[in-house]
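The values are calculated or read from the model by the stated rules, or taken from the named source; none is laboratory data. Predicted model only: the values in this text are computed from it and were never measured. FYI the Cβ positions are ideal-geometry reconstructions off the backbone, even for glycines, and counts take in every protein chain you see.
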Amino acid sequence: MKKKGCRDYLPALVRRGRQEEANYDTDQEVSFYRGIPTAEALGPILAKTEVVARLAAEPPYTEQDRLARPEARLHCVQAAMLNWFQPLANHIDLQQRLDRVIRGSLPYRNPLIPGYYREVSQQVDRLADLTRRPSQAPYQRTTALGFHFTAPSGSGKTTSLERLLIELYAQRIIHSSYKGKPFRFDQLVWLHLDCPGDGSLRQLLIQFLHAVDSIIGKTRVRDDEYIGYYDLYGGTRATVDSLISAVATVAANHCLSVLIIDEIQHLLHADGDGADRVLNYLVTLVNTIGVPVILVGTPRANHVLSRQGKQIRRGTGQGELEWCRLDRDSNSYTLMTESMWQYQYTDEHICLNEQLKDVLFEETQGIPDYMIKAYMMAQWRSITTGKRISGGMIRSVVKDGFSSARPLLRALRLKQFDSLKNLDDLHPPDLNPVLQACEEALRQSQAEKVAPVQESKTDDNPKSPQTGQMPQTPGEHSSSPDGPSPDNTASHYPIDLNIPTLKQLQAKAQESGQDLYEAMHAEGLVYRQIDAEATGVN
């Protein structure tokens, strides 16, 4: 029951994964993990081939999709790219590090060991004090597990982390019995949070508790009252000290395997010693409770993470991970371009060649998000104008659509790395306005084609005196005996000036729990039977 006078706190983002009942793999290859229920519940260690198969996402695509109306194909392009994912070598490296982190700390925190909760309680009692004086914190072997992960904006670090966590690991595992004996335990495998924009420790702690409440749910304390961790530990009245102890208690009681703090460069905006307070707390959380922490951010985060020697040491537990742009001659660049090029919805299918690969790299400098968006915009322009995709078209759409990113791309192209220090947080452009402009251009084009036809009917075909309606000409709704006119798209497709916008489709997909591509199929926007009849395709 909500208490009067309490103001709701809305967390920025709660990333949710799947929840499942514990199913133990007792035949663990690593003997160190045997007999640890929380480790055995994670299942076997996956081979690279299985990781690739589970990470890859290939949206449905057929040549018939290219027969859809131009307005629909504009949406097809973005829907396919939003749902497509091609695992690369750097994703495999990240997965192996993450897997070692998630499994590695659990043998040190086995809830089956007698006295586990008593020891946790004693450590939590000392935690607030240790946060102020972290150098006195006891040493835990699990401090070697965490690492720092930095990459420029657009490289896909957050998207990759989310996909790895959601596809490969349950977020919550519910235990009921182990080896024939009762074992009631609620295991939290991973928690992925964003650092608050103001770098506030209090907001980070509140976000943690809200996220856990959202994942695990609240507990009923009376017939009509449910309470979560946030309210249990004081809600809006909670002090920072009480929140520090609360988060540590929750993390320990659920054997949290890894805490990932994204956008850690936000600590640069913290007031006073706010950044140091956050980092000191995370260090102490690792030292006392043994929860591995992964800090993720852009290269600007290095200005924060390198200020403290103890933080540098903990950031190298798995080796510091830094992603850079793809190299033109790398297998990863070839694999990514060839994989995404399959999803082409233009009138004429253009084969990918080395020249197009060169131009795409030169204009995007091998930054994955820029590559995808440049290809999307090139398709939109091709569909809108009817022209073939070419190197010149890719250069043109990047010039028009990437205006805010041009300083970054120019600096990379000219190898002016000194000028990049103030540019590492630039983001690729928001493509919704670009898509809307393409839609508007097609609507205007169709409206211009409709107007002469309507004027001709008004002048040449008088209304029927009985019905007051325009008489139907014999060939008005059928193909001409000489075949369809190649220059008049309106003769092939019914003109509909009320095509749903991308924003409307996304909202509808979110409400129904579908992805965008499924919502488009449900609306009949990807391929309609009338299109097949008009073009003679069965």
| query | Since Ile113 meets every condition but one in (1) within 32 Å of the chain's Cα centre (by Cα); (2) of a type in the set (A, V, I, L, M); (3) surrounded by fewer than 20 Cβ atoms within 10 Å (Cβ to Cβ), which condition does it not meet? | reply | (1)
| message | Condition check: assigned to a helix (DSSP H, G or I), not assigned by TED's automatic domain parsing to the domain that holds Phe149 and not charged (D, E, K, R). Does Leu74 satisfy that? | response | yes
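Is it the case that the range 10-17 has a residue that's modelled with pLDDT of 95 or more, surrounded by 15 or more Cβ atoms within 10 Å (Cβ to Cβ) and under 24 Å from the mean Cα position of the chain (by Cα)?
Taking the range 10-17 as the starting set, the residues that turn out to be modelled with pLDDT of 95 or more are none.
There is no residue in the range 10-17 that is modelled with pLDDT of 95 or more, surrounded by 15 or more Cβ atoms within 10 Å (Cβ to Cβ) and under 24 Å from the mean Cα position of the chain (by Cα).
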| query | Within the range 339-346, can one find any residue that is surrounded by 14 or more Cβ atoms within 10 Å (Cβ to Cβ), outside any loop (DSSP other than H, G, I, E, B) and at pLDDT 85 or above? | reply | yes
| request: Please find, among Ser214, Ser177, Ser200, the residue that is farther than 17 Å from Ala270 by Cα and in contact (Cβ under 8 Å) with a residue 40 or more places away in the chain. | output: Ser214
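Would you point out the residue of the range 163-187, among those that are in contact with a helix residue (DSSP H, G or I) (Cβ under 9 Å, 6 or more places away or on another chain) and in a helix (DSSP H, G or I), that is surrounded by the fewest Cβ atoms within 10 Å (Cβ to Cβ)?
That would be Glu167.
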| message | List pairs: first residue in the range 231-254 and closer than 18 Å to Val286 by Cα, second residue among the acidic types (Asp, Glu) and at pLDDT below 90 anywhere in the structure, Cβ distance under 8 angstrom, at least six positions apart or on different chains. | response | Ser245/Asp125
| note | Residue pairs qualifying under the 6 Å Cβ cut-off, at least six apart or on distinct chains, with the first in the range 261-288 being farther than 27 Å from Asp125 by Cβ and the second being part of a helix (DSSP H, G or I) and of a type in the set (Lys, Arg), are Gln265/Arg300
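Matching residues to (1) among the aliphatic types (A, V, I, L, M); (2) more than 30 Å from Thr298 (Cα to Cα):
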site: Ile227; (1), (2): yes, yes
site: Leu232; (1), (2): yes, yes
site: Ser245; (1), (2): no, no
site: Ala248; (1), (2): yes, no
site: Ala252; (1), (2): yes, no
site: Leu256; (1), (2): yes, no
site: Ile261; (1), (2): yes, no
| task | Specify which of the listed residues (Val77, Val51) is under 12 Å from Gln342 (Cα atoms) and among the aliphatic types (A, V, I, L, M). | result | Val77
| query | So which residues in the range 77-118 are closer than 30 Å to Met371 by Cβ, in a loop (DSSP other than H, G, I, E, B) and not aliphatic (A, V, I, L, M)? | reply | Trp84, Gln86, Pro87
| task | Within the range 20-41, track down each residue that is of a type in the set (A, V, I, L, M, F, W, C) and over 19 Å from Trp190 (Cβ atoms). | result | Val30, Phe32
| field | Residue check for Val124: among the aliphatic types (A, V, I, L, M) and surrounded by 20 or more Cβ atoms within 10 Å (Cβ to Cβ) | value | yes
| query | Any idea which residue in the range 356-407 is farthest from Ser332 (Cα to Cα), counting only those that are outside any helix (DSSP H, G or I) and small (Gly, Ala, Ser)? | reply | Gly386
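Tell me the residue from Leu335, Leu321 that is in contact with a strand residue (DSSP E or B) (Cβ under 6 Å, 6 or more places away or on another chain) and at pLDDT 85 or above, please.
Sole residue among the options that is in contact with a strand residue (DSSP E or B) (Cβ under 6 Å, 6 or more places away or on another chain) and at pLDDT 85 or above: Leu321.
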| request: Those residues that are assigned to a loop (DSSP other than H, G, I, E, B) and touching a Cys at 6+ places or on another chain (Cβ under 7 Å), I need them from the range 21-71; list them, please. | output: Ala68
